[in-house]
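What follows is one structure encoded as C-alpha cells, with my remarks underneath.
The values are calculated or read from the model by the stated rules, or taken from the named source; none is laboratory data. Values in this document were obtained by computation on a predicted structure and should not be read as measured data. Glycine also receives a Cβ, built like all others from the backbone with ideal geometry; neighbour counts cover every protein chain displayed.
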C-alpha cells in the first residue's frame with residue numbers, strides 16, 4: 001500500500017463509514033483496484049482512525065454513560081453481541097465476500113431500499129423515548145447484518161432505530177456508540193494475525209490520521225442531516241453505485 005493509496009483510502013473510509021453508503025463496499029472496490037492484498041488488515045487500520053474520531057465526538061455522551069446513564073451499558077452490550085457472534089463464527093466467509101462484486105452490488109441496492117423507506121416514518125419523533133433491551137437487540141441484529149460488504153452499518157442501524165420509533169438524532173448517537181464497541185472489538189480480534197510489521201509505518205499512520213479527520217467531518221455532518229428527510233436521499237447514491245457494480249460484473 002503506497003502513501004497515495006493510504007491517503008485516498010483514509011478519506012473514503014472516513015466519509016463512507018458514517019454517511020450511510022457502506023464503507024466496506026467502497027474499501028473492497030478500491031482495494032481491488034489498487035491491488036492491495038491484505039484487505040482485512042488495511043480495513044482495520046482505517047477503522048481505527050474512525051473510532052478515534054468517534055471517541056472525540058461522543059466524549060460527552062461517553063462521560064454521561066459512565067457517570068449518569070449506567071442503564072445504557074447493558075443496552076450497548078446487548079446491541080453488540082449479534083455482530084460479535086457473526087464476526088467470530090463467519091470470519092472466513094466474510095473475508096471471501098469482500099472479493100465478490102455481485103454480493104457488494106446487491107447489498108448496496110438493498111441498503112438504498114432500507115434508507116429510502118425511512119421516509120415513511122414521521123419526519124422526526126419529538127419526544128425521545130428510552131431505548132429498551134428489545135430495541136437494542138433489534139438494532140444489534142441490524143448491525144450484525146452490516147458485516148456483509150455493501151450493507152451500510154450506520155445506515156441499517158439508524159434506519160432500524162427509526163423504524164421502531166426512536167428519535168432520529170438519538171438513533172444516530174446509539175448507532176455511533178455501538179460502532180465504538182464494534183470497531184474496537186474488530187481491531188482487537190484482527191490485529192494478532194495482521195502481520196503488522198509487513199506494512200510501512202508511514203502509510204499506516206497516514207491512513208489512520210486521514211481516516212480520523214474525514215470521519216470527524218462525516219460524523220458532525222450526519223448528525224445534522226439525519227433529523228431531516230435528506231437522510232433517505234443517500235439511497236440514490238447506493239442504488240447508482242450498486243447497479244453500476246452489478247452491470248460491470250454480470
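Which one of 54, 72 is more than 25 Å from residue 149 (Cβ to Cβ), buried (at least 19 other Cβ atoms within 10 Å of the Cβ) and touching a residue at least 24 places away in the same chain (Cβ under 8 Å)? Steps first, please.
On the way: 54 fails: more than 25 Å from residue 149 (Cβ to Cβ).
The match here is 72.
Can you tell me which residue among 202, 206 is at pLDDT 85 or above and surrounded by 19 or more Cβ atoms within 10 Å (Cβ to Cβ)? Give the steps one after another, and end with the answer.
On the way: 202 fails: surrounded by 19 or more Cβ atoms within 10 Å (Cβ to Cβ).
Only one candidate qualifies: 206.
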(message) Are there helices (runs of 4 or more DSSP H) fully within the range 78-194 with at least 3 residues that are within 14 Å of the chain's Cα centre (by Cα) and at pLDDT below 90? List them.
(response) 168-190
(request) Mind counting the residues in the range 209-250 that are outside any helix (DSSP H, G or I) and either at pLDDT 95 or above or over 20 Å from residue 168 (Cα atoms) (or both)? (result) 1
(request) Starting from residues that are under 15 Å from residue 133 (Cβ atoms) and part of a helix (DSSP H, G or I), keep the ones in the range 55-77 and report whichever is nearest to the chain's Cα centre (by Cα). (result) 76
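Which ones in the range 1-53 are farther than 24 Å from residue 96 by Cβ, in a helix (DSSP H, G or I) and over 17 Å from the mean Cα position of the chain (by Cα)?
Hits for the range 1-53 are 3, 4, 6, 7, 8.
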